[in-house]
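Q: One structure is given below, represented as structure tokens, and several questions about it will come after.
The values are calculated or read from the model by the stated rules, or taken from the named source; none is laboratory data. Keep in mind it's a predicted model, so treat the numbers as computed, not measured. For neighbour counting, all protein chains shown are included, and Cβ atoms are generated from backbone atoms with ideal geometry for every residue, glycine included. To get the accessible areas, we keep the full protein, side chains included, count just its heavy atoms, and leave off ligands, DNA and RNA. Shrake-Rupley method; radii C 1.70, N 1.55, O 1.52, S 1.80 Å.
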Amino acid sequence: IFKAAVDDPFITFRYAANILRGEGPVFNPGERVEGFTSPLHLLLCLGLLTILPSVGILFKAKIASLIFGCIVIWQTGLLAKRFEINQVGVLFVQLALSVNMSFIGTGTNGLETTLYVAILLAAVMQFVNEVQTGKGIASAFLLFLAVAARPEAAATIAGLCLLNVYYAYKDRRSFVRAVQHIALLICLVAVAEMAR
């Protein structure tokens, strides 16, 4: 399955190559059209193009997807432990994810899917820590990165903002943290949208 290739990453590769050529984030020089879906994946591809330039970008992107897929498997284990699943159950969950054909496909296609899932899982775990401790708003920054990886992360963000409001209502002490969290997230997304 590592040999299989889809054409989608090549769109982002071309945008990245044009940036490195000084043409800016364009598919065709002179045509200012944003045709990539993931600004964060575009940044990753920029980095991949500059590292070991003699190695093909598709191979490097597939390796990056695979690395992020391994991180997701590791995070899944952490999340399972957080729900007090025993070690056998944790290994089962990780193994089930590892052999899932959809996961294998996204873990080797060179796209942003595993990057997005890794960031999203990190954000959710950080959010849970913040709710439990009543401290911190770092999950807002991670959620912003998730939106930069995949636009549909906005639905997850809306859900976590509603949870923030719910927990602030339940525990008045967390109200300030909830407002800071939501304000930071809105500001980051607004600045990114204005830049686009």
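Q: If the viscosity is 1.567 mPa s and the temperature 4 °C, what Stokes-Einstein diffusion coefficient in µm²/s follows for the chain when Rh is the Kirkwood radius over Cα pairs?
A: Calculated translational D: 71 µm²/s.
Q: Can you return the aspartates and glutamates within cross-link range of Lys60? Criterion is Cα-Cα under 16 Å, with same-chain partners fewer than 8 residues away left out.
A: Asp7, Asp8, Glu112
Q: Per residue of the chain, what 222 nm ellipticity follows from adding -39500 (n - 2.57) for every DSSP H run with n ≥ 4, rounded to the nearest 500?
A: The helix-only estimate for the chain comes to -24000 deg cm²/dmol at 222 nm.
Q: Can you work out ³J(HN,Hα) from phi for every residue in segment 98-111, in order, using Karplus 6.51 cos²θ - 1.76 cosθ + 1.60 and θ = phi - 60°, giving whole Hz and x for Gly and Pro?
A: Couplings: 4, 9, 5, 5, 5, 5, 4, x, 6, x, 9, 9, x, 9 Hz.
Q: Residue-wise, which Karplus ³J(HN,Hα) couplings in Hz belong to segment 71-80, taking 6.51 cos²θ - 1.76 cosθ + 1.60, θ = phi - 60°, and x for glycine or proline?
A: Calculated HN-Hα couplings, in order: 4, 4, 4, 4, 4, 4, x, 4, 5, 5 Hz.
Q: Could you tell me which of Leu121, Leu142, Ala96 has its Cα farthest along the dipole of segment 25-161 towards the positive end, charges placed at Cβ (Lys, Arg +1; Asp, Glu -1), taken about the Cα centre?
A: Highest projection toward the positive end goes to Ala96.
Q: Find the accessible area per residue for segment 7-155; the probe is 1.4 Å, ligands and nucleic acids are left out, and the unit is Å².
A: Counting only protein heavy atoms, the per-residue value for segment 7-155 is 52 Å².
Q: Output the direction-averaged projected area (hull surface divided by four) of the convex hull of the alpha-carbon atoms of segment 1-106, in nm². It would help to have the intermediate numbers written out before the result.
A: On the way: hull surface 32.4 nm².
Averaging across all directions leaves 8.1 nm² for the Cα convex hull.
Q: OK, next. Counting only protein heavy atoms and using a 1.4 Å probe, what share of the accessible area of segment 78-196 belongs to carbon plus sulfur, as a whole percent?
A: Working: 4770 of 6750 Å².
Roughly 71 percent of what the probe reaches on segment 78-196 is carbon or sulfur.
Q: Sort Arg150, Arg82 from largest to smallest accessible area, using a 1.4 Å probe on the heavy atoms of the protein chains.
A: If we order Arg150, Arg82 from most to least accessible, we get Arg82, Arg150.
Q: Under 14 Å from the Cβ of Ala17, count the other residues' Cβ atoms, weight Lys and Arg +1, Asp and Glu -1, and hand me the total.
A: Numbers: positive: Arg14, Arg21, Lys60; negative: Glu23.
Net of charged neighbours comes to +2.
Q: Which aspartates and glutamates have a Cα lying under 18 Å from the Cα of Lys170, excluding residues fewer than 8 positions away in the same chain?
A: Answer for Lys170, where 18 Å is the Cα cut-off: Glu130, listed by chain and number.
Q: Please list, in order along segment 150-161, the HN-Hα scalar couplings obtained from phi with the Karplus expression 6.51 cos²θ - 1.76 cosθ + 1.60 (θ = phi - 60°), rounded to whole Hz, x for Gly and Pro.
A: Computed from phi, the couplings for segment 150-161 are 8, x, 5, 4, 4, 5, 5, 4, 4, x, 5, 5 Hz.
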